[in-house]
Amino acid sequence: MSDQPVVVESLLNAPVEIIWKALTDNTQMKQWYFDIAEFEPVIGFEFEFAGKGTEGESYLHKCKVIEVIPQQKLKHSWRYEGYDGISYVTWELTEQGSQTNVKITHEGLDTFPQQPQFAKANFEGGWNYLVNTALKNFVEQH
């Protein structure tokens, strides 16, 4: 697997405050992202959620917030229970008038097992859907 990160960037028609809330408010996250029991944008906060693989298999994602700059940047670790490897997801928001540029970088994918379910293409497809469809539709309708 390549050690190159997955990067998805999109200009959304919503102010930065709306997008930040969608990324950090647990009630809103459940509507477009994952069903996370608890979430706080606080360094050291640990959270987990179940996610489905391409074959419908379940993976427990275990994450820890490692950097927070309100309305600008949110970074957390991302690993899977029962598997080797750890990666990092960074959300960066840049205000552009009434719009916001959203950039997500998922690095460290090469630390996961060399198995088809951890293929870079799966992460690219997932993040593209989450940013360009799920998040976009959620924030632009609010």
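The values are calculated or read from the model by the stated rules, or taken from the named source; none is laboratory data. What you are looking at is a predicted structure, and each value in this text was computed from that prediction instead of being measured. No Cβ is skipped: glycine too gets one built from the backbone with ideal geometry, and neighbour counts run over all protein chains shown.
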(request) Any chance you could count how many residues in segment 69-123 are of a type in the set (A, V, I, L, M) and surrounded by fewer than 17 Cβ atoms within 10 Å (Cβ to Cβ)? (result) 4
(message) Anything in segment 89-138 that is farther than 22 Å from Val16 by Cα and of a type in the set (Lys, Arg)? List them, or say none.
(response) Lys120
(message) Please verify whether Tyr129 is closer than 23 Å to Ala14 by Cα, of a type in the set (Phe, Trp, Tyr) and at pLDDT 95 or above, treating the condition exactly as stated.
(response) yes
